1. Which numbered condition trips up residue 81, out of (1) in contact with a Leu (Cβ under 8 Å, 6 or more places away or on another chain); (2) under 19 Å from residue 106 (Cα atoms); (3) among the aliphatic types (A, V, I, L, M); (4) in contact (Cβ under 8 Å) with a residue 40 or more places away in the chain?
2. What number goes with the only condition from (1) touching a helix residue (DSSP H, G or I) at 6+ places or on another chain (Cβ under 6 Å); (2) farther than 30 Å from residue 181 by Cα that residue 70 does not pass?
3. Is there a residue in segment 12-24 that is touching a helix residue (DSSP H, G or I) at 6+ places or on another chain (Cβ under 6 Å) and modelled with pLDDT of 90 or more?
4. Are any of the residues in segment 158-167 surrounded by fewer than 17 Cβ atoms within 10 Å (Cβ to Cβ), part of a strand (DSSP E or B) and at pLDDT 85 or above?
5. Considering 177, 201, 195, which residue is farther than 22 Å from residue 139 by Cα, touching a Phe, Trp or Tyr at 6+ places or on another chain (Cβ under 7 Å) and outside the structural domain of residue 138 (by TED's automatic domain parsing)?
6. Just one of (1) assigned to a helix (DSSP H, G or I); (2) over 17 Å from residue 7 (Cα atoms); (3) small (Gly, Ala, Ser) trips up residue 124, so point out which.
7. Before we move on, is residue 76 touching a strand residue (DSSP E or B) at 6+ places or on another chain (Cβ under 9 Å), of a type in the set (S, T, N, Q) and over 23 Å from residue 202 (Cα atoms)?
8. Could you run through segment 57-96 and say how many residues are part of a loop (DSSP other than H, G, I, E, B) and either farther than 19 Å from residue 159 by Cβ or not polar (S, T, N, Q) (or both)?
Amino acid sequence: MDKKNAVKKFLTAFFGDDSVHDVIDRISRVKTLDKGGILFMEGQTGRYIYFLLEGKIKLYKTNNEGKEAIVHFVAQNEMFAEIILQLECCYPVTSEAMENCVLLEMDAAELFRQIEKTPKVAMAIIGLLARRIKYFVNMIENLTLKDVRGRFLHYLETLQHKGKNTVTLPVPKGELALLLGTTPETFSRLLKKLAEEEVIAYEGRKITFLKELDG
């Protein structure tokens, strides 16, 4: 994807028009990342904020034993690493490409200066941060107040489109298990149990709802 189309896609997603095109064009560049590639590491000093144009990214943390905890799966048309707007901040997670990716890479220091000068940029970033806070509040609620079954059914609800009775899991089941705070083995048993109870039917990543979900 060329720079012009990349910037246009970002502006459409966050601003609805190209009124700040010159600002974003000046502080950004298009970056590609192969599947399995690391965009940044947990603890690394941050310089850039990203908008995912194509592909899929996972954000995760690791403990001293190397155990991985997935924080978020970044989908197309989603901005991430915005915490770097707090200047001289380190990335709190590791970012890894789950597919070949194309990203718009924006200089955080320059973007921060534009936030100070341009109200429209500031409002877009405030909206982004508000959505991110809501996401993590919901995530904490699910992990602390619901069992694995409840967390999975709630996750399916977030994927379901009105009037549709099927969804496709956006990531492999093993990766999704980590996001839900469980093991791949436990998640596989849960899928089988839900199928036996005729709550869902599944084939690969395709999930069909046989009953109204109650997450």
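The values are calculated or read from the model by the stated rules, or taken from the named source; none is laboratory data. It should be emphasised that the depicted structure is a prediction, and the values quoted were computed from it without experimental measurement. Positions of Cβ are backbone-derived with ideal geometry, glycine not excepted, and every protein chain shown enters the neighbour counts.
1. Among (1) in contact with a Leu (Cβ under 8 Å, 6 or more places away or on another chain); (2) under 19 Å from residue 106 (Cα atoms); (3) among the aliphatic types (A, V, I, L, M); (4) in contact (Cβ under 8 Å) with a residue 40 or more places away in the chain, the lone unmet condition for residue 81 is (1).
2. Result: residue 70 passes all but (2).
3. No: zero hits.
4. There is at least one residue in segment 158-167 that is surrounded by fewer than 17 Cβ atoms within 10 Å (Cβ to Cβ), part of a strand (DSSP E or B) and at pLDDT 85 or above.
5. Selected residue: 195, the only one of 177, 201, 195 that is farther than 22 Å from residue 139 by Cα, touching a Phe, Trp or Tyr at 6+ places or on another chain (Cβ under 7 Å) and outside the structural domain of residue 138 (by TED's automatic domain parsing).
6. (2)
7. Yes: the conditions hold for residue 76.
8. Looking only at that region, the number is 14.
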